[in-house]
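Notes to accompany the following structure.
The values are calculated or read from the model by the stated rules, or taken from the named source; none is laboratory data. Computed from a predicted structure; not experimentally measured. All Cβ positions, glycine included, derive from the backbone under ideal geometry; neighbour counts span all protein chains shown. Protein only, heavy atoms only, side chains kept; ligands, DNA and RNA dropped before computing areas. Shrake-Rupley method; radii C 1.70, N 1.55, O 1.52, S 1.80 Å.
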Amino acid sequence: MDGAQWLASCHRKPSDAYAAWDRSPYLAKLPAGRDWDALRVQQPLGLTVLWELGDEADAVPVLEEHAKPRPVFYILTRPDLAGAPVWPETEDVRMLTAGEDLSMPSPDADGITGVRHHSFLWRTAPDGSGKLVDPELLRTALKSALDPGRQAERIRAARAVFWASKRHSH
């Protein structure tokens, strides 16, 4: 199964997802809560959450929406069926779950189509494996990302990498 097949299978009627991906605006509305939930975070916080996930972030589907006033990420996670603690609901953080839909391009879509017809693109597209981040791991990464001390640590680490690359590029 490839990424498009997996994502289409998340639709109530997979053939409708394929049909939506074949016509403008090339987006299918897919229901959250059954096969996946999505953590919606502002882009800067989303980058920090992905950094906190470490190697786990490489395989996690992440949809980016170039929304105004700033881009947002949708990080796909397994539905939180255990009824774990509530996710923080702020301007920067919201969990999409049962009863909500998310418009998504095909994982096979190119960025040009997104720029011309809608504001979505896959930062990391689903690969067909159905691999999603564990909700508890994502919750821990979000908590760390929201911690001001951890944010400062990440910025220091990024600066160190940047300056090290500058010294070696000459």
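Taking amide H as placed 1.01 Å from N in the peptide plane, ALA67 has its amide H under 5 Å from the amide H of VAL72, each at least 5 places away in sequence or on another chain.
Full extension of the segment from ARG150 to ARG70, taken as 0.36 nm per residue of separation minus the current Cα-Cα distance, would add 26.6 nm.
Residues in the chain average 55 Å² of solvent-accessible surface per residue, probe 1.4 Å, ligands and nucleic acids excluded. Taking label positions 7 Å along the Cα-Cβ direction at both ALA164 and ASP16, the computed distance is 5.0 nm, reported to one decimal. The accessible surface of the chain, taken with every protein chain in place and a 1.4 Å probe, is 53 percent carbon and sulfur. Summing Lys and Arg as +1 and Asp and Glu as -1 over all other residues whose Cβ lies under 13 Å from the Cβ of ASP108 gives a net charge of -4. For a paramagnetic label modelled on ASP110 (point 7 Å from Cα along Cα→Cβ), amide N atoms under 18 Å away belong, within the range 12-28, to 21-27.
Reported to the nearest whole Å, the Cα centre-to-centre distance from the range 1-69 to the range 151-165 is 29.
Based on C-alpha pairs under 8 angstrom that are at least 6 apart in sequence, the chain has a relative contact order of 32 percent. Accessible area of PHE162 (1.4 Å probe, protein heavy atoms only, ligands and nucleic acids ignored): about 100 Å².
Label positions at ARG23 and GLN5, each projected 7 Å from the Cα along the C-beta direction, are separated by 2.6 nm. Within the shell of other residues whose beta carbon sits under 11 angstrom from the beta carbon of GLY46, the net charge comes to -1, with Lys and Arg scored +1 and Asp and Glu -1.
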